[in-house]
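Worksheet for the structure shown next.
The values are calculated or read from the model by the stated rules, or taken from the named source; none is laboratory data. This structure is a prediction, so every number in the text was calculated from the model and none was measured. Please note: Cβ atoms are built from the backbone with ideal geometry, for glycine as well, and neighbour counts cover all protein chains shown.
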Amino acid sequence: MQIAAAAGARVVAVDVNPAALELARALGAEHAVQGTDDVPAAVAELTGGGAAVSLDALGAAVTCRNSLLSLRPRGRHVQVGLLPPAVGRPEVPMERVIALELQVLGSHGMAAHAYPELLGLIAAGRLDPGRLVSRTLSLDDAGPALAEVGRVPGIAVVTSF
């Protein structure tokens, strides 16, 4: 959210967790869509026809499909979250990809050569990664925290052993 907002994008966040949507708004999302709603229709309405770029960092079949269906003509989808076969393969609407001339890209994340620009945004105060940290934990509390991944928004940082 922060990077897109710092780049001047109008960000629409999508999640099933209301607390995650609240955090997304705090980090720069202009709009928030509950992921249990008709996501493509909501995004189309909020953006006047669909998103120019969609990013799926979760890697669930439904988020991949909703991201693709939320794009405007000539839009670009970036798949960062892994889509493990054990949880099901996404149904990619290839007819829409072709008809709207969409780009579908895979990414492992930010390349190292882009780090200086990112760090420059942090140094200039345009990004504050510290706002992503929602709690600090001892190592003893790390196990239970792992069980809450996906339910508690933000990043948990282990600070002591």
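Kindly evaluate Ala26 against the criterion of being at pLDDT 90 or above, under 12 Å from the mean Cα position of the chain (by Cα), at negative phi and not basic (Lys, Arg). No. Per this entry, Arg10 is not counted among residues that are within 26 Å of Asp128 (Cβ to Cβ), charged (D, E, K, R) and under 13 Å from the mean Cα position of the chain (by Cα). Of the residues making up segment 149-161, those that are of a type in the set (A, V, I, L, M, F, W, C) and assigned to a strand (DSSP E or B) are Ile155, Ala156, Val157, Val158. Helices (runs of 4 or more DSSP H) fully within segment 60-148 that include at least 3 residues being in the same structural domain as Ala44 (by TED's automatic domain parsing) and exposed (fewer than 14 other Cβ atoms within 10 Å of the Cβ): 94-99, 115-123. Residues of segment 131-161 that are modelled with pLDDT of 85 or more and among the basic types (Lys, Arg): Arg131, Arg135. Pairs meeting the criteria (first residue in segment 102-122 and on the phi > 0 side of the Ramachandran plot, second residue of a type outside the set (Gly, Ala, Ser) and surrounded by 11 or more Cβ atoms within 10 Å (Cβ to Cβ), beta carbons under 7 Å, at least 6 apart or on different chains) are Gly109/Val80. Scan segment 28-58 for residues that are under 17 Å from Asp128 (Cα atoms) and surrounded by fewer than 20 Cβ atoms within 10 Å (Cβ to Cβ) and the total you get is 1. Figure legend. Inter-residue proximity from segment 61-77: first residues under 13 Å from Arg96 (Cβ atoms), second residues polar (S, T, N, Q) and in a helix (DSSP H, G or I), beta-carbon distance below 6 Å, spacing 6+ or different chains. Indicated pairs: His77/Ser67.
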